[in-house]
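So the structure is just underneath, and the comments pick up after that.
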Amino acid sequence: MHKLDLHLVSWTRRAFDTREGRPERVLSRLTNGLAAGDILLLHDGHARRTAAGRPVLLEVLPPLIERCRAAGLQPVTLAEALPPRHAMV
């Protein structure tokens, strides 16, 4: 992996947003004890839908971001969290 400049990454919090249709349960899984450096696994496809038919992830994202910011955390993409890539020699 090192020679190919690859990074092994695993999540620290799993939302189960493909199985759980209740946004409050998904949000609770993601935010209970949330800390800097946590990596959240969220799905942008095949998400479970709420009783109203909306993807649960779309219901969860706004309060998730709000709670992160209230805790002094800045959400970033995985690419932003990783160290800069080095040119291969």
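The values are calculated or read from the model by the stated rules, or taken from the named source; none is laboratory data. Values in this document were obtained by computation on a predicted structure and should not be read as measured data. Every residue, glycine as well, gets a Cβ built from its backbone with ideal geometry; the counts of neighbours run over all protein chains shown.
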Of all residues in region 5-39, which are without any contact (Cβ under 8 Å) to a residue 24 or more places away in the chain, assigned to a loop (DSSP other than H, G, I, E, B) and surrounded by 12 or more Cβ atoms within 10 Å (Cβ to Cβ)? 16
Out of the residues in region 42-57 that are within 23 Å of residue 80 (Cα to Cα) and surrounded by 14 or more Cβ atoms within 10 Å (Cβ to Cβ), state the one that is nearest to the chain's Cα centre (by Cα). 42
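Right, residue 7: under 11 Å from the mean Cα position of the chain (by Cα), modelled with pLDDT under 95 and under 14 Å from residue 78 (Cα atoms) or not?
Numbers: under 11 Å from the mean Cα position of the chain (by Cα): no; modelled with pLDDT under 95: yes; under 14 Å from residue 78 (Cα atoms): yes.
In short, no.
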With the first residue restricted to region 41-65 and required to be on the phi > 0 side of the Ramachandran plot and free of Cβ contacts under 8 Å to residues at least 60 places away in the same chain, and the second required to be outside any helix (DSSP H, G or I) and surrounded by 13 or more Cβ atoms within 10 Å (Cβ to Cβ), Cβ contacts under 6 Å at 6 or more apart or on different chains are 46/18
